[in-house]
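The values are calculated or read from the model by the stated rules, or taken from the named source; none is laboratory data. Bear in mind the structure is a predicted one, so any value in this text is a computation, not a measurement. Ideal geometry is used to build each Cβ from the backbone, glycine not excepted, and the neighbour counts take in all protein chains shown.
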Amino acid sequence: MSIQDLEKIFQDKIDKEIKIEPRDWMPEAYRKTNIRQISQHAHSEIVGMLPEGNWISRAPSLKRKAILIAKVQDEGGHGLYLYSSAETLGMGRDEMINDLHSGKAKYSSIFNYPSLTWADMGAIGWLVDGAAILNQVMLCRTSYGPYARALVRICKEESFHQRQGFESLLVLSRGTNEQKAMCQDAINRWWWPSLMMFGPKDSESTNSDQSMKWKIKRKTNDELRQQFIDMIAEQIKVLGMTLPDDKLKWNEERKHYDFGEINWDEFWNVVKGNGPCNKQRLAARNKAHNEGAWVRDAAIAYANKKANLKNQEAA
Amino acid sequence: MNNQIRKFYYGDIPEDNSGSNLEVAKSEKVHDWPLWEVFVRSKQGLDHKHVGSLHAADAAMAIENARDVYTRRQEGVSLWVVESKYIHASNPDEAESLYDPANDKVYRHPAFYDLPDEVGHM
């Protein structure tokens, strides 16, 4: 069969909503795009543990500490589901990790911002996880089987992340003046970066919407971003707080919220590695990996020792 | 002028220079931990389902890690781990010829048989 025939069969499956599984034939570009997207998604989960890990030792109560630990554990687990999915496409874990640590692979830019106060934990849960949930729910219908299944699992676990964040802010919003101010400040700092999570505008568009055609993505950046804004603009009323956008306004004709212009210079700067915490994040990851090497080596040495003992006994 | 502007999606950031000059992680040697496939029985009475994979040094570690990662919300009463290299799979390209014999044996299905109503439920 010619490549064209194979491609036609492949596109046919996609159009019929038949999932693509690891050993199915697929265009090389489809494989590469999925490897890149899934592994970067995995990197985002792992690096995302860092701004939150920052507050585990300083959570205001045992309950909040336990909740935060559980959330960070989940993020680690999500990273694993995604690495597993990416590995089915033929890239090894080592290579993916090396790409992250060398700076070659990207991760979601949102995690290059610092978590400065306790209220940041609430803001991150509500806004950052909220944005991630919209994207991930959409991706549950992605065409590559293992990625879709990993996302279903992730979505089930993710909803508590957003709820605990909002609830945490709710408590602050009903507290002392200092707590209310801390809550508003965290929202002010995390709002615009959360909008940037959805990526550049659709209008910077290309000739072939390959990702949409292959049903890797099911909704566009702007669609998701608008959905997010409409949702948050309503939820914030419950908190009695404001969003730092004086152009945010309900548009009765569009039936959506109008909003101000995102600072795209900041967006590209952070993507290119000049955000507030890019270097710290990678340094933390490299440090953890290097300092943990002895554990990995010891585990293998122990496993080999046990295996040899077993062979000797059998002999 | 070639105006090729790319459409970007979540996570799909271009492979430009990221601008970081960090000390790359030292252990460049291959991660010796083999890959394991994980199967979970979530409840007595159900069968084990494939849930994903993980790397571990040996079977004991694989089971512990599988518990930590795939059963955080009590979704497991039993775990199987199998080194991925021991999974043998059929070739999807041969699916048609492999399963073809089953496709035209309609007499394997109960609806093929026409029985009078007096027989009752059968």
* To do: Give the residue, chosen from A:A284, A:A303, A:A307, that is under 25 Å from the mean Cα position of the chain (by Cα) and within 14 Å of chain B (Cβ to nearest Cβ).
  => A:A284
* Structure fact -> Exactly one of A:F259, A:F228, A:F267 is in contact with a Gly (Cβ under 8 Å, 6 or more places away or on another chain) and either at pLDDT 95 or above or among the aromatic types (F, W, Y) (or both), and that one is A:F228
* **Answer residue from the stretch A:110-157, given it is among the β-branched types (V, I, T) and surrounded by fewer than 22 Cβ atoms within 10 Å (Cβ to Cβ) and is farthest from the other protein chains (Cβ to nearest Cβ) among those** => A:T117
* Asked: What about A:P60, is it in contact with a Phe, Trp or Tyr (Cβ under 8 Å, 6 or more places away or on another chain), more than 11 Å from chain B (Cβ to nearest Cβ) and surrounded by fewer than 20 Cβ atoms within 10 Å (Cβ to Cβ)?
  -> yes
* Asked: Which one is farthest from A:S203 (Cα to Cα), of the residues in the stretch A:244-275 that are surrounded by 13 or more Cβ atoms within 10 Å (Cβ to Cβ) and aromatic (F, W, Y)?
  -> A:Y257
* Looking at A:I18, A:I46, which one is aliphatic (A, V, I, L, M) and not in a loop (DSSP other than H, G, I, E, B)? -> A:I46
* Asked: What helices (runs of 4 or more DSSP H) completely inside the stretch A:49-167 contain at least 3 residues that are under 16 Å from the mean Cα position of the chain (by Cα) and of a type in the set (S, T, N, Q)?
  -> A:62-87
* Residues in the stretch A:29-37: is at least one closer than 27 Å to A:A123 by Cβ, at pLDDT below 95 and either in contact with a Lys or Arg (Cβ under 7 Å, 6 or more places away or on another chain) or within 14 Å of another protein chain (Cβ to nearest Cβ) (or both)? -> yes
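Taking the criterion of being at pLDDT below 95 and hydrophobic (A, V, I, L, M, F, W, C), would at least one residue in the stretch A:175-188 satisfy it?
Taking the stretch A:175-188 first, the residues at pLDDT below 95 are none.
Scanning the stretch A:175-188 turns up no residue that is at pLDDT below 95 and hydrophobic (A, V, I, L, M, F, W, C).
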* Asked: Taking the stretch A:222-243, which residues are within 14 Å of A:W192 (Cα to Cα), crowded, with 17+ Cβ neighbours inside 10 Å and touching a residue at least 40 places away in the same chain (Cβ under 8 Å)?
  -> A:F228, A:I232, A:L243
* Go over the candidates A:E95, A:E45, A:E21 one by one and state the one that is within 12 Å of chain B (Cβ to nearest Cβ), surrounded by fewer than 19 Cβ atoms within 10 Å (Cβ to Cβ), under 22 Å from A:N278 (Cα atoms) and of a type in the set (D, E). => A:E95
* Structure fact -> Reported set for the stretch A:285-299 where residues are surrounded by 16 or more Cβ atoms within 10 Å (Cβ to Cβ) and either touching an Asp or Glu at 6+ places or on another chain (Cβ under 7 Å) or under 17 Å from A:G48 (Cβ atoms) (or both) is A:R285, A:N286, A:H289
* Structure fact -> Flagged in the stretch A:70-92 as at the interface with another protein chain (Cβ under 10 Å from one of its Cβ atoms) and over 23 Å from A:P51 (Cβ atoms), in numbering order, are A:S84, A:S85, A:E87, A:T88, A:G92
* To do: State all residues of the stretch B:87-113 that are hydroxyl-bearing (S, T, Y) and assigned to a helix (DSSP H, G or I); if no residue qualifies, say none.
  => B:S97, B:Y99, B:Y107
* Condition test on A:K279, is it surrounded by 15 or more Cβ atoms within 10 Å (Cβ to Cβ) and assigned to a helix (DSSP H, G or I)? -> yes
* Among the residues listed as B:D68, B:D100, B:D93, the single one being of a type in the set (D, E) and away from every other protein chain (no Cβ under 13 Å) -> B:D100
* Starting from residues that are charged (D, E, K, R) and part of a loop (DSSP other than H, G, I, E, B), keep the ones in the stretch B:24-54 and report whichever is modelled with the highest pLDDT. => B:D47
* To do: Among the numbered conditions (1) surrounded by fewer than 18 Cβ atoms within 10 Å (Cβ to Cβ); (2) at pLDDT 90 or above; (3) of a type outside the set (S, T, N, Q); (4) part of a loop (DSSP other than H, G, I, E, B), tell me where B:A57 comes up short.
  => (1)
* Asked: Looking only at residues in the stretch A:259-281 that are hydrophobic (A, V, I, L, M, F, W, C) and more than 7 Å from chain B (Cβ to nearest Cβ), which one is farthest from the chain's Cα centre (by Cα)?
  -> A:F259
* Asked: Has the stretch A:223-234 got any residue that is assigned to a helix (DSSP H, G or I) and β-branched (V, I, T)?
  -> yes
